[in-house]
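Have a look at the structure below before the remarks.
The values are calculated or read from the model by the stated rules, or taken from the named source; none is laboratory data. These numbers were taken from a predicted model, which means no experiment stands behind them. When we count neighbours, we look across all protein chains shown, and the Cβ atoms used for this are built from the backbone with ideal geometry, even at glycine.
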Amino acid sequence: MGKASMLSQYSVVALLVCSAMLLAGCSVKVTPNNVPLITNVETPRMSGVSLLVVNVEKDSSDSRILNDKGHSLGFVANKQAWSKKLVEALASELAKRGAHIRANNTLTLSIALPEIVFNQIQDKYQFKVKAVVTSSTGWSKNYDGMAESGLGLFESADTLAKRVAGRALADAVKAMLSDTEFLAQVTDKK
């Protein structure tokens, strides 16, 4: 039996075991470990931009994450904790591009994360998130992020979920940084 065939069989068996545990009533709490840095996005330098990015997500309960069909597959999440990770990632990316993140600013970006969706598609786990960004100027817009991955060798369902969750948040940040409307709000070039 070839190495690729053994890895494929291992992945299928591991996925089936994880799925059975989740369906048996075990809940796994998912909090993104880290949000990867954003690459391949051209943004203007933000030197001279001063703003505050805050987490305004109110839901701090551990809620079931539903799939696209409204069913739970055993994962729970704290939206406030996820939103905090998103705020930290966005603030870091803006600072990396020259913005000053300060507490006493006239421009405040408020972030909430009203929706987290988990889908299992064959041997892949997929997270989708919806973020709402509201500016202190009255502007507001929704951004979506999505990531999916298969189970790695010797990786648990919990570790996979945390990894994919971080990538979904990174995808939402990338959507913001790629949006000229968002950039105009941040840099005040409307």
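Entry remark, the stretch 121-137: residues being polar (S, T, N, Q) and in contact (Cβ under 8 Å) with a residue 40 or more places away in the chain number 3 in total. Of the residues making up the stretch 78-96, those that are out of contact with any strand residue (DSSP E or B) (no Cβ under 7 Å at 6 or more places or on another chain) and in contact (Cβ under 8 Å) with a residue 60 or more places away in the chain are LYS85, ALA89, GLU93. Against the list (1) out of contact with any Asp or Glu (no Cβ under 8 Å at 6 or more places or on another chain); (2) of a type outside the set (Lys, Arg); (3) surrounded by 17 or more Cβ atoms within 10 Å (Cβ to Cβ), the condition TYR125 fails is (1).
So is ASN67 surrounded by fewer than 16 Cβ atoms within 10 Å (Cβ to Cβ), of a type outside the set (A, V, I, L, M, F, W, C) and out of contact with any His (no Cβ under 6 Å at 6 or more places or on another chain) or not? In short, no.
Residues in the stretch 138-190 that are in contact (Cβ under 8 Å) with a residue 40 or more places away in the chain, touching a helix residue (DSSP H, G or I) at 6+ places or on another chain (Cβ under 7 Å) and more than 21 Å from VAL35 (Cβ to Cβ): TRP139, LEU153.
Quick grid of which residues meet (1) farther than 18 Å from LEU177 by Cα; (2) modelled with pLDDT of 95 or more:
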| site | (1), (2) |
| --- | --- |
| LEU51 | no, no |
| ALA81 | yes, yes |
| ALA91 | no, yes |
| LEU107 | no, no |
| SER110 | no, yes |
| VAL117 | yes, yes |
| ASP123 | yes, no |
| VAL129 | no, yes |
| VAL133 | no, yes |
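Looking across the stretch 29-48 at every residue that is under 13 Å from LEU90 (Cβ atoms) and hydrophobic (A, V, I, L, M, F, W, C), the one that is nearest to the chain's Cα centre (by Cα) is identified as VAL35.
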